[in-house]
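Down below is the structure, laid out as structure tokens.
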Amino acid sequence: MLITMLIRLTALLLSSYVVAAGTAYVLASPSDGNSAASLQNKTVQLAKAGRYADALKVGEQAAELNPNNASLHRWLTVINTELHRTDAAAREAITALQLDPQNANSHYNLATLLEGSGQAKAAIAEYRQAISLGKNDIATYRGLYQCMAQTELLKESISGLEQMSKRSPDEAAVWLALSEAYLRYGDGDGALYAVQQAVKLAPNWYPALKCQALIELDTHRPAEARLTARKLITIDSQQEDGYRFMVRVCCQGSNDYNLAQWTTQQALSHQSNNPALLTYLAVQCIKPAIRDGKLAKNQAPDRSLRWLALGERLLHAALETSSNNLTTNYQLARVLLLERKPWEALPCAKKAYELDPKNTEARALYLRATAATNDLAGELRRWLHRGT
């Protein structure tokens, strides 16, 4: 029975997949350009060039002509994986194994799919089978130890990765795997050292920088985390991690308003269609301004209002993309009430309540906004009465 799999792949693994798909495959040169062998040649060439969509079309044609070619199905496993067609990749991996059960690369491909779907123990069995059949490269052992780190074999995983880091000190992916294993074991200092080695070898490698920022935050190194998070945003502004790490640094620790303002601007420029991220950033930005539901007393009111203004700006942007989000409406109403803008707060509070009438917090906020609006209206009437 086919298992639905979700796969995580990095650029550093691509070379391993290419080897796994075609180690024993020799390009043919038949005279018929539409023969199975010719189409397989073209599939391989397109895959190596990174043209996976084109490679899939040609490869599927080749498979129709020659459905029993295990090497072709290994390539189709790789191609479908790169295209995030994980169910199709699983089918191809299983077919390749059925046709050639003693092929180490087929077991390796299945292991990576199982690892990506979170089935660590099943992946361990496939990695070990690949090794027993002669696949002894760094990627296979790294995959094995990464899966072991997710099981009761964590200590064995760390020992294996430590040995790999000594034998292959220039492999950034090995250092990153070791760092993640140390994290699971609770060794923050070891994790930081290992990920720093990975970043030295691959300064712009996003997964390593992401891991480094997380460790720096967890080990209370805000200055270092700030630099790493900023680099994440600079390297890939379309990824969320840098923004989330940065706002944790500047809003939960140092209360660095200028840095929060920069992060807000970057998010509005590059993540305007991501209401969930904008709402998360807004919630973090208003934390320095609020204590026990009221404006913080440990800083001047104007400073608190600056933080609230950042939050309001982000929440308005989030609502432009997703107007029916309960959390966003609730948080904006909350901010507007703190800013003493009850008439602006009331529609958002009402919307939040209508989206979930059973939500006690949304109901309470709606009542607060209604009462504040009535109070303000009463004040206005009194002033108008004085005037007459």
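The length gained on full extension between residue 220 and residue 356, counted as 0.36 nm times the residue separation minus their Cα-Cα distance, comes to 45.2 nm. Mind checking which lysines have their Cα closer than 16 Å to the Cα of residue 350? Skip sequence neighbours fewer than 8 apart in that chain. Straight-distance partners of residue 350: 341, 358.
Once backbone amide H atoms are built at 1.01 Å from N, residue 290 has 296 as its partners under 5 Å, excluding neighbours fewer than 5 places away on the same chain.
Ordered by the count of other Cβ atoms within 10 Å of each Cβ, fewest first, 83, 99 give 83, 99.
With both labels modelled 7 Å from their Cα along Cα-to-Cβ, the residue 323 to residue 258 distance reads 3.9 nm.
Sequentially through region 232-246, phi angles give Karplus couplings (6.51, -1.76, 1.60; θ = phi - 60°) of 4, 5, 5, 5, 8, 6, 8, 8, 7, 4, x, 5, 5, 5, 4 Hz, Gly and Pro residues having no value and appearing as x. Placing a label point 7 Å from the Cα of residue 185 along the Cα-to-Cβ direction, the residues of region 138-160 whose backbone N falls under 17 Å from that point are 142-160.
Which pairs in the list 166/210; 57/231; 42/200; 231/351; 48/166 are over 29 Å apart, alpha-carbon to alpha-carbon? The pairs that break the limit, which is 29 Å between Cα atoms, are 57/231; 42/200; 231/351; 48/166. Farthest toward the dipole's positive end in region 264-373, which of 329, 370, 317, given Cβ charges of +1 (Lys, Arg) and -1 (Asp, Glu) about the Cα centre? The one lying farthest along the dipole's positive direction is 370.
When 270, 107 are sorted by how many other C-beta atoms sit within 10 angstrom of their C-beta, beginning with the fewest, the order is 270, 107.
In plain terms, the residue of 75, 343, 307 with the fewest other Cβ atoms within 10 Å comes first and the most crowded comes last, giving 343, 307, 75. Counting charges near residue 311 (Lys, Arg +1; Asp, Glu -1) among other residues having Cβ under 12 Å from its Cβ returns a value of +2. Measuring r between the beta carbons of residue 48 and residue 91 and using R0 = 30 Å, the FRET efficiency lands at 0.85. Were the residues from residue 168 through residue 61 laid out at 0.36 nm apart, the gain over their Cα-Cα distance would be 34.4 nm.
Taken together, the values in this text are just the output of simple stated rules run on the coordinates, not laboratory data. The model shown is predicted, which means the values in this text are computed figures rather than measured ones. Quick reminder, even Gly has a Cβ in these numbers, built from the backbone with ideal geometry, and neighbours come from all protein chains shown.
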